[in-house]
Amino acid sequence: MAAHPSLGTVYLVGAGPGDPELLTVRAHGLLCSCDALAYDALVPSPLLALPPPTCHKVFVGKRRGHHFVSQKSTNAMLAQLASTHKTIVRLKGGDPFVFGRGAEEAAHLHALGVPVQVVPGITAGIAVPAYIGLPVTHREAGSSVTFVTGHELVDKERHGVNWQALATATDTLVIYMGIHSLGMIVAELLAGGMDPATPAAAIQQGATALQKQVIGPMAALPQLVQEQGLQAPAIVVVGKVVDQRIPACAPPLPKAEMPIPVPTTVATIQVS
Ligand code: SAH
């Protein structure tokens, strides 16, 4: 549908994965001037202080197993905000189009005639490994990289990801939302023919003061993760690139912790 001239524009903005300094210049400009902000649970909390005091802030986050606000309500709320505000920032952790449902929100708004624009962000799958000096590609150790979600089985009955095929189809696997299913994932990769000694890393709360990681052969990773008590959010990297780590080149971690933001306003829109 053609954009409606009286409606505000919704910007689907990537916040980056943890360190607030990873925000893009474009995202910073929009955050500093928006009159409405709808934000996710994984958004670095210092960014919430950027909008002007008059900005209407709404928390629309989800955490695994705790859907504070349904996707349907979020879609409806964004459309409603566009009818009452001019510049609406829909702030999402990392990049809005990488496992972030950004495309679903964009499609919904576009169908209603709401002007919508995406502002890419730095995705966790690239930045979080970099924060331990780990490159996701390397001329000698990784010519291909696959981003994959480990969360599909929790939501769906069928296997959405063919882990056994991935075991030999790519040099580097970057797994989002995989920490809870890591035992299953590793078992599937082994069954698919992956060398159990393939180096692997799991990084929790990357690019924040709470960052913690374990590194070891992929067959041992689930046990290492359990022993060290690693929790979501975490990125898992499997592949020879893990041996190419140069910890000394990792950026300094931000000093402030990244607590999950407390809701300021909880969406109250009713959706039939
Ligand atoms: N759109 C986001 C991903 C959303 S899915 C992006 O582009 O980064 C949420 C998952 O991203 C988490 O479960 C975790 O796997 C990963 N993630 C996001 N932030 C992270 C962080 N700071 N440290 C480790 N993993 C993170």
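So for the range 9-123, averaging the separation of alpha carbon pairs under 8 Å that are six or more residues apart and normalising by length, what relative contact order in percent results?
Contact order relative to length: 43 percent.
Counting only DSSP beta bridges with both residues in the chain, what percent are antiparallel, rounded to the nearest 5? It would help to have the intermediate numbers written out before the result.
On the way: 19 of 43 bridges.
Counting only bridges with both partners in the chain, antiparallel ones make up about 45 percent.
With +1 assigned to the C-beta of every Lys and Arg and -1 to the C-beta of every Asp and Glu, and no other charges, what is the dipole magnitude of the range 9-123 about the Cα centre in debye, to the nearest 20?
I would put it at about 280 debye.
Anyone know which of R245, R90, R26 comes out most mobile in the 10 Å Cα GNM of the chain?
Checking each option, the largest mean-square fluctuation is seen for R26.
For Q71 and A232 in one chain, what is 0.36 nm times their gap in residues minus the Cα-Cα distance, to one decimal in nm?
55.9 nm
Extension gain A49-Q80, at 0.36 nm per residue separation less the Cα-Cα distance, in nm?
Here the segment from A49 to Q80 would lengthen by 8.9 nm.
Looking only at GluC sites (Glu not before Pro) in DSSP loops with at most 10 other Cβ atoms within 10 Å, what is the longest site-free stretch of the chain? Before the final figure, lay out the partial values.
Numbers: sites that count: E140, E157, E257.
That gives 1-139 as the longest site-free run.
Run the dipole for the range 132-249 about the Cα centre, Lys and Arg Cβ at +1, Asp and Glu Cβ at -1, nothing else charged, and hand back the magnitude in debye, nearest 20.
Dipole of the range 132-249, to the nearest 20 debye: 200 debye.
In debye, nearest 20: dipole of the chain around its Cα centre with unit charges on the Cβ of K, R (+) and D, E (-)? Provide the component values of the computation, followed by the final result.
Values: 17 positive and 17 negative charges, 110 e Å.
Its charge dipole is roughly 520 debye.
Separation between the L210 and A107 pseudo-spin-labels, each 7 Å from Cα along Cα→Cβ, expressed in nm?
About 3.2 nm, to one decimal.
Taking only protein heavy atoms and a 1.4 Å probe, what accessible area per residue, in Å², does the chain have with all protein chains in place? Before the final figure, lay out the partial values.
Details: 12760 Å² over 272 residues.
Ligands and nucleic acids excluded, the figure is 47 Å² per residue.
Run the simple label-point estimate for H28 and Q223 please: 7 Å along Cα→C-beta, distance reported in nm.
4.7 nm
Starting from 0.36 nm per residue, how many nanometres of slack lie between A197 and A165 once their C-alpha separation is accounted for? Each step should come with its number before you reach the end.
On the way: separation 32, 0.36 × 32 = 11.52 nm, distance 1.80 nm.
So the extension gain works out to 9.7 nm.
Between the alpha-carbon centers of the range 198-244 and the range 118-149, tell me the distance in whole angstrom.
14 Å
Which of the listed residues, L81, P247, V118, is farthest toward the dipole's positive end in the chain, when Lys, Arg count +1 and Asp, Glu count -1 at the beta-carbon?
L81
Using a 1.4 Å probe over the heavy atoms of the protein chains, calculate the carbon and sulfur portion of the accessible area of the range 9-123 as a whole percent. Kindly include the intermediate steps, with their values, before the conclusion.
On the way: 2740 of 4660 Å².
Whole-percent figure for carbon plus sulfur exposure: 59.
Please give the calculated 222 nm ellipticity per residue for the chain, where each DSSP H segment of at least 4 residues contributes -39500 (n - 2.57) and the sum is spread over every residue; nearest 500 deg cm²/dmol?
Computed mean residue ellipticity for the chain: -7000 deg cm²/dmol.
Have a look at the DSSP beta bridges in the range 9-123 and tell me what percent are antiparallel, nearest 5.
Working: 3 of 21 bridges.
About 15 percent, rounded to the nearest 5.
Tell me which of I235, Q164, L189 sits at the most positive position along the dipole axis of the range 159-263, charges placed on C-beta atoms (Lys, Arg +1; Asp, Glu -1).
Final value for the positive-end residue is I235.
The values are calculated or read from the model by the stated rules, or taken from the named source; none is laboratory data. A quick note: this is a predicted structure, and the numbers were derived from the prediction, not measured. Note that each Cβ is placed from the backbone with ideal geometry, even for glycine, and that neighbours are counted across all protein chains shown. Just so you know, the surface numbers come from the protein's heavy atoms only, side chains and all, with ligands and any DNA or RNA stripped out. Shrake-Rupley method; radii C 1.70, N 1.55, O 1.52, S 1.80 Å.
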